[in-house]
Amino acid sequence: MANVSITGFGDNLTINGVRLGDLTPAQHEIIEKEKGGNNYSPLENVVVSHVKDSSTLIARKPNPDDISSYIEEELIDGLCCYSAVNQGQLNQTIVDAVVSHLSEEKLPTVPRSIRHKYMAAFLMAATGVTGMDRVVPKVAGVEAPELMFKLSRRWGYRVKGIPKDEAIVVAAKGNFHGRSMTAVSLSDDPDAYEDFGPKVPGIELVEYNNIEALRSLFEEKGDRIASYLVEPIQGEAGVIVPDEDYWPQVAALCKEYNILLALDEVQTGFGRTGANFAHQLSGVKPDLMGCGKAAGGGVLPVSFVAGRNDVIGVLTPGSEGSTFGGYPLGAVVATYAIKVLVDDRLADKARERGDQLIGRFNGMKERFPDKVKSVRGKGLLTAFEMHDAPALDGHHVSVALLEKGVYAKETHHSTVRVAPALTISADQIDRIADAVESVIETL
Ligand SMILES: Cc1ncc(COP(=O)(O)O)c(C=O)c1O
């Protein structure tokens, strides 16, 4: 007999007699800790209920006068789900497309073993916006680097002529490509890989933004290296932006050694850095590119790999696929996510608002040079790093920002990343910057 009864919607959604709208932040935490995987440490005492507009969350916090209830407050969303919501929460074009697709077009789900008409739309839109020959749809962000890894190896054997099972994929130290077994094998962060071994073999790590290190690795092992799989800007590492001349030099080296440049643009794509895709900022063209996050317009998980004809051309039936990769609703959402990126000039908006935010952070660094060590970013992928001192604690800053109605989150001990929706207003950027500055002042 099923041990569950589910009724109602929204706050009236009731599971086994427990009504969602009655739960306090503390009760949410208990349920998550008791029944979840404990693989996250979210900010405490705050639960998001819904969104108010494209950059404003409505969050529940403990009621200081009554511990059995909560209050609701607005939060400016300074993270937009780690760049999954570049188009803004509930983007009207995308929501309208989803609603009309389900209610009028009526084609939610069919498998890839039968053609559906929206695949053609998605493929034309995605090859058009990326300027790539072919595109393979996937679902979660991590599946993009995962597929680029597979493509690299198969291309290495079948096209480059690397001896069987000897292919090497080079990745950068400090990388983040997700949480699959391949992604954590690429990682040099023990939290990500410890006790999940043995790691996937055939991986070499090289220092990021160090062209000489890459050159000497290519010189030593280039005949067995299939690809350099790397983020154009390292997001999770704390918004690490390489030198201006790094990417042109990397692209030239890859060409010289017949090594694929496979860029993970899951976080940097879709306008985030002030160009539709970050590699366009330095005028290089990768052989493969993985996208995710905002490819799903902030409403669905959608990812894809775009690439050169001869690289994606190594795929054969049975070698790759997934039930929901490119299913009709996903294909429609991705198509409209691209439409909004282009029609609403999101990259230009990221540049304008990014200049504003980075300008404010630079002002803060001048005002508090003993606290703020560096300001980094491109477009609206920004971060500031504090000096290494116990009082200058990124988690403390995130918690204090929450008090001031801003959601942003530290990466590592002393870096705070701010990457709001690209639709954010100039006024909201100023409110984020004001809040950050007033928190830094108190440290
Ligand atoms: C560069 C990069 N690649 C891959 C991923 C994984 O995406 P997902 O968490 O959707 O699987 C992320 C997520 O932050 C990312 O930043």
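The values are calculated or read from the model by the stated rules, or taken from the named source; none is laboratory data. If you're wondering where the values come from, they're calculated on a predicted model, not measured in any experiment. Every residue, glycine as well, gets a Cβ built from its backbone with ideal geometry; the counts of neighbours run over all protein chains shown.
Rundown of residues vs (1) loosely packed, with under 15 Cβ neighbours inside 10 Å; (2) free of Cβ contacts under 8 Å to residues at least 12 places away in the same chain; (3) under 17 Å from residue 148 (Cβ atoms), yes/no style:
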position	(1), (2), (3)
172	no, no, yes
178	no, no, yes
184	no, no, yes
205	no, no, yes
214	no, no, no
230	no, no, yes
244	yes, no, no
251	no, no, yes
255	yes, yes, no
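Scanning segment 1-37 for residues that are modelled with pLDDT of 95 or more and part of a loop (DSSP other than H, G, I, E, B) gives 4, 5, 8, 9, 13, 16, 17, 23, 24, 36, 37. Checking segment 46-61 against the condition returns no match, with no residue being closer than 28 Å to residue 264 by Cα, within 16 Å of the ligand (Cβ to nearest atom) and among the hydroxyl-bearing types (Ser, Thr, Tyr). A count restricted to segment 55-76 and to residues that are part of a loop (DSSP other than H, G, I, E, B) and touching a helix residue (DSSP H, G or I) at 6+ places or on another chain (Cβ under 9 Å) stands at 1.
Results for (1) touching a residue at least 60 places away in the same chain (Cβ under 8 Å); (2) not assigned by TED's automatic domain parsing to the domain that holds residue 426, shown as yes or no for each residue.
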{"position": "309", "(1), (2)": "yes, yes"}
{"position": "313", "(1), (2)": "yes, yes"}
{"position": "318", "(1), (2)": "no, yes"}
{"position": "323", "(1), (2)": "yes, yes"}
{"position": "326", "(1), (2)": "yes, yes"}
{"position": "332", "(1), (2)": "yes, yes"}
{"position": "356", "(1), (2)": "yes, no"}
{"position": "360", "(1), (2)": "yes, no"}
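Of all the listed residues (140, 121), the sole one being more than 16 Å from the ligand (Cβ to nearest atom), under 30 Å from residue 98 (Cα atoms) and in contact with a Ser or Thr (Cβ under 9 Å, 6 or more places away or on another chain) is 121.
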